[in-house]
Amino acid sequence: MRTHLAGKSVLVTGAGGYIGSALVKAIVAAGPTRLVLLDSCEQNLFEISRTVPGEAILGSVTDAPLLDDIFDRFRPDIVYHAAAYKHVPLLEQNPFAAIHNNAIGTHTLVQALLRHGPSRLVLISTDKAVNPSSFLGISKRIAELVVVSLSSSEWPMNAVRLGNVINSTGSVIPIFRQQIAAGEAVTVTHREATRYFMTLEKAVDAILAAGAAECAGRILLPDLGEPVRIEELARSLMGDEQLPIRYIGLRPGDKLSEDLLFAQEVREGTCGALTVVRTPTIDPAALDATIERLRAGRTLEELRPAVSALVCQ
């Protein structure tokens, strides 16, 4: 999975995040000629730049002039796009931030790639993009559609759809562990709530495998096993110290369970350990026009029709 990176110029967005930083360390072991680390969080970028050799660039994927400069200077052969906002309740309160960073930011990055010569791109997506009920899921589904609709043989782009990565920053397991350590009641949204989980190592392997996949314009799905009941996860983390569980109800944007595929998606086979999925695409001109509507929207009333035009395909 790593041999395709040897001697290449590699750009990682969100390079200082939980997944991004682990991905960067795996890439370094493959021997790229150049590694470009892009992150909008100064502290995260500082920490990862202390541990790996690379060009550390503080900035956002929403900054088109910055991206043009990066592609001009470093000519990346492959881009791993891990930059995203991810917290469901917070993004329900800040829908414009979710759309601007996750959806429009992906479109801005892809447009920069298309302007500057052949490159390969892998979008790190999420199961929450399937039948989305939250602005996180909606924004990531739009990002998927951008990548698969604008992919071509010259600019091959795919999205890898991950589950919940165990111990990722701010996720349910670290929260449960904090509550257990404090001897507090553990908060669970619903008795029947389930989620798909995967280790950080498996997530990185899936992303690297997606970067080497000989296909384009596809969703790539690792084996996520069976979904886990959140209540059972909480009890297992408690061990012998069985604390009370407090059911707080599903939060805005939450689903009882996640899906891995849309009804209209088609499994086309496998590429190594990844399932190759064909998903509906959008005419590039129509896609660009709808992204511009999203960019211009200033109220939820303006945002909703443009979002529906993309997600309800």
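The values are calculated or read from the model by the stated rules, or taken from the named source; none is laboratory data. Every value quoted in this text rests on a predicted model; they were computed, and no experiment measured them. Virtual Cβ from ideal backbone geometry, glycine too; neighbours counted across all protein chains shown.
Below is a table of values for the structure above.
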item	result
Subset of region 87-108 [in contact with a helix residue (DSSP H, G or I) (Cβ under 6 Å, 6 or more places away or on another chain) and among the hydrophobic types (A, V, I, L, M, F, W, C)]	V88, L91, A98, I99, A103, I104
Among the residues listed as D254, D283, D240, D259, the single one being touching a residue at least 40 places away in the same chain (Cβ under 8 Å) and farther than 16 Å from G163 by Cβ	D283
Residue among T290, T279, T299 that alone is closer than 20 Å to S139 by Cβ, surrounded by fewer than 16 Cβ atoms within 10 Å (Cβ to Cβ) and polar (S, T, N, Q)	T299
Total residues in region 198-230, condition touching a His at 6+ places or on another chain (Cβ under 8 Å) and under 22 Å from V172 (Cβ atoms)	1
Entirely in region 85-143, the helices (runs of 4 or more DSSP H) that have 1 or more residues that are among the polar types (S, T, N, Q)	88-93, 105-115
Residues that are of a type outside the set (G, A, S) and surrounded by fewer than 22 Cβ atoms within 10 Å (Cβ to Cβ), drawn from region 115-131	R115, H116, P118, N131
Members of region 182-227 that are loosely packed, with under 14 Cβ neighbours inside 10 Å and among the basic types (K, R)	R191
Residue within region 243-257 that is among the polar types (S, T, N, Q) and either crowded, with 16+ Cβ neighbours inside 10 Å or farther than 27 Å from P95 by Cβ (or both) present	no
Residue within region 69-76 that is touching a helix residue (DSSP H, G or I) at 6+ places or on another chain (Cβ under 8 Å) and within 20 Å of A203 (Cα to Cα) present	no
Unique residue being in contact with a helix residue (DSSP H, G or I) (Cβ under 7 Å, 6 or more places away or on another chain), β-branched (V, I, T) and either part of a helix (DSSP H, G or I) or touching a residue at least 12 places away in the same chain (Cβ under 8 Å) (or both) when the list is V148, V79	V79
Of all residues making up region 1-45, the number that are of a type in the set (S, T, N, Q), over 19 Å from the mean Cα position of the chain (by Cα) and assigned to a strand (DSSP E or B)	1
Neighbours by Cβ (under 6 Å, 6+ apart or cross-chain): first from region 162-178, closer than 17 Å to I124 by Cα and among the β-branched types (V, I, T); second modelled with pLDDT of 95 or more and loosely packed, with under 14 Cβ neighbours inside 10 Å	I166/T199
Residues of region 8-58 classified as more than 18 Å from S119 (Cβ to Cβ), without any contact (Cβ under 8 Å) to a residue 40 or more places away in the chain and of a type in the set (S, T, Y), total	3
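Rundown of residues vs (1) at pLDDT 95 or above; (2) crowded, with 16+ Cβ neighbours inside 10 Å; (3) more than 25 Å from P222 (Cα to Cα), yes/no style:
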| site | (1), (2), (3) |
| --- | --- |
| M1 | no, yes, no |
| V12 | yes, yes, no |
| V36 | yes, yes, yes |
| L45 | yes, yes, yes |
| R50 | yes, no, yes |
| G59 | yes, yes, yes |
| T62 | yes, yes, yes |
| P65 | yes, no, yes |
| D69 | yes, no, yes |
